[in-house]
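Just so it is clear, none of the values below were taken in a lab; they were calculated from the coordinates. Just so it is clear, the structure is predicted and the values come from calculations on it, not from any experiment. Note: ideal-geometry Cβ built from the backbone for every residue, glycine included; neighbour counts use all protein chains shown.
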Amino acid sequence: MGGKCPHRSVKKRRYSHKTARRTKFLINGDDMVYDALKKPEVERPSLPVDEDLPGMGQYYCLHCDRYFANVSVRDEHFKTKRHRKRVKLMMGPAPHTQLDADLAAGMGMPDNGPKLMAIVRLMNQL
């Protein structure tokens, strides 16, 4: 009746999906990374030592908001297509923010039209 699934990749895909969902909320948004990149080099703080992060938190890619285990892994990451696309994206115009999304959805400042008294004055002049 039971037994192993003939398609072993299904189980693997399910676990990778869970990992992706878990890490989705831990990364900075594009607008936060963009703001950090626009700060001068002097204002950026040095990386503190953190035992919970890979490589004690010392090997970091600011564009991709990722930590790496050592220098060689980070340098290999700098050569990847994903990193180059991310750098190109961050050098362009500013990414959308939550304010842009709210305004597009019609949740910004209300546009109530002209004042009622102004309409009454216009009617009296005619």
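Computed from the C-beta positions of T80 and E51, the FRET efficiency with R₀ = 25 Å rounds to 0.40. Length available on full extension from Y60 to D102: 0.36 nm per residue minus the Cα-Cα distance, which gives 11.9 nm.
Among the trypsin sites (Lys or Arg not before Pro) in the range 59-104, those located in a DSSP loop and surrounded by at most 10 other Cβ atoms within 10 Å of their own Cβ are K79.
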